[in-house]
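Asks: Have a look at this one.
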Amino acid sequence: MRVENLEEKLNSRIVEAFTSGLSVIEITRTLNKNSAEHIHDLLRGTGDIDTLPKEGLRRSYGIDVKWESVLRKKGYSFPRWCTGWGFDPVKAARELAQGEQGDVHEALKRDFPAVYARMFGEDPPQRVLSTRIHDSHPSVTIVWHPDRNAYVAEMIGNPSINAGGIDLEHALQRFLVALRFDEQIKRLELMIAQIQNQ
């Protein structure tokens, strides 16, 4: 499958995962991405997440400093995190400050379990290793395909994962992108299946 088609498929799986109940941060973690910004922007672009109102963006919500730092490392802010969950930032900050158990607490616990445990005096959760879908040492062939007028890098044993390039190096680079997209798609599909089986 072409890299462009895989990227399109990945984006549709991100939307599906979000509408199935996964949060932006859970999707980010599933995809092994460092930043949540692309996923949030994609979902805002599809209309699945509301746009932040311009007023009040710079205001302080008085949330835990370490959590704010973790959000920043993810390319996120408290107001964006709230809109991703459908929360009003002022009410969410108040709920957290007052220690009320509710949807905001559950969201924080799902997205940042270690931060939640530290903030509310619980035992930190055990780290769960991400599932590898493909062999970590894939074998690849790169051959010239006259019909595609390109070098094509193809996974041995799974020819559906392939990519064309103008030279050997370009074909291999695009193949690695295709492999990463395919892995991310399959991880999301596993998460969606888990949610639907609950």
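Asks: How many of the residues making up the range 86-120 are surrounded by fewer than 18 Cβ atoms within 10 Å (Cβ to Cβ) and part of a loop (DSSP other than H, G, I, E, B)?
Replies: Number satisfying all stated conditions: 6.
Asks: Please verify whether the range 82-93 includes one or more residues that are outside the structural domain of residue 175 (by the TED database), within 14 Å of residue 111 (Cα to Cα), in contact (Cβ under 8 Å) with a residue 40 or more places away in the chain and not hydroxyl-bearing (Ser, Thr, Tyr).
Replies: Scanning the range 82-93 turns up at least one residue that is outside the structural domain of residue 175 (by the TED database), within 14 Å of residue 111 (Cα to Cα), in contact (Cβ under 8 Å) with a residue 40 or more places away in the chain and not hydroxyl-bearing (Ser, Thr, Tyr).
Asks: Over 27 Å from residue 190 (Cβ atoms) and at pLDDT 80 or above, is that true of residue 95?
Replies: Considered against the rule, which asks whether it is over 27 Å from residue 190 (Cβ atoms) and at pLDDT 80 or above, residue 95 comes out as yes.
Asks: Working carefully through the options 13, 44, find the one that is open to solvent by 30 Å² or more (accessible area, probe 1.4 Å), among the basic types (Lys, Arg) and assigned by the TED database to the domain that holds residue 188.
Replies: Matching residue, one of 13, 44: 13.
Asks: Can you tell me which residues in the range 16-41 are in a helix (DSSP H, G or I), open to solvent by 10 Å² or more (accessible area, probe 1.4 Å) and under 17 Å from residue 70 (Cβ atoms)?
Replies: 26, 29, 37
Asks: Scanning the range 154-171 for residues that are touching a strand residue (DSSP E or B) at 6+ places or on another chain (Cβ under 8 Å) and within 20 Å of residue 8 (Cα to Cα), which turns out surrounded by the most Cβ atoms within 10 Å (Cβ to Cβ)?
Replies: If we take residues in the range 154-171 being touching a strand residue (DSSP E or B) at 6+ places or on another chain (Cβ under 8 Å) and within 20 Å of residue 8 (Cα to Cα), then 163 is surrounded by the most Cβ atoms within 10 Å (Cβ to Cβ).
Asks: So residue 83 fits all but one of (1) open to solvent by 50 Å² or more (accessible area, probe 1.4 Å); (2) closer than 27 Å to residue 122 by Cβ; (3) not basic (Lys, Arg); what number is the exception?
Replies: Evaluating residue 83 over (1) open to solvent by 50 Å² or more (accessible area, probe 1.4 Å); (2) closer than 27 Å to residue 122 by Cβ; (3) not basic (Lys, Arg) leaves (1) as the failure.
Asks: Which residue is nearest to residue 184 (Cα to Cα), if the candidates are limited to the range 111-167 and must be at pLDDT below 85 and in contact with an Asp or Glu (Cβ under 6 Å, 6 or more places away or on another chain)?
Replies: Of everything passing the filter in the range 111-167, 133 is nearest to residue 184 (Cα to Cα).
Asks: Has the range 30-45 got any residue that is touching a residue at least 12 places away in the same chain (Cβ under 8 Å), touching an Asp or Glu at 6+ places or on another chain (Cβ under 8 Å) and under 21 Å from residue 109 (Cβ atoms)?
Replies: no
Asks: Oh, and also: Taking residue 24 as the residue in question, decide whether it is touching a His at 6+ places or on another chain (Cβ under 9 Å), at pLDDT 95 or above and not hydroxyl-bearing (Ser, Thr, Tyr).
Replies: So residue 24 passes the test.
Asks: Right, another one. What are the pairs, 6+ residues apart or on separate chains, where a residue within the range 160-184 that is free of Cβ contacts under 8 Å to residues at least 12 places away in the same chain has its Cβ under 7 Å from a residue that is outside any helix (DSSP H, G or I) and surrounded by fewer than 22 Cβ atoms within 10 Å (Cβ to Cβ)?
Replies: Here the result reads 173/165, each pair linking the range 160-184 to a residue that is outside any helix (DSSP H, G or I) and surrounded by fewer than 22 Cβ atoms within 10 Å (Cβ to Cβ).
Asks: While we're here: Would you point out which residue out of 184, 198, 194 is of a type outside the set (A, V, I, L, M), surrounded by fewer than 10 Cβ atoms within 10 Å (Cβ to Cβ) and either over 20 Å from residue 5 (Cα atoms) or out of contact with any Lys or Arg (no Cβ under 7 Å at 6 or more places or on another chain) (or both)?
Replies: 198
The values are calculated or read from the model by the stated rules, or taken from the named source; none is laboratory data. All values derive from a computational prediction rather than experimental measurement. Don't worry about glycine lacking a Cβ; one is built from the backbone with ideal geometry, like all the others, and counts go over all protein chains shown. Surface accessibility is based on the protein's heavy atoms, side chains included, excluding ligands, DNA and RNA. Shrake-Rupley method; radii C 1.70, N 1.55, O 1.52, S 1.80 Å.
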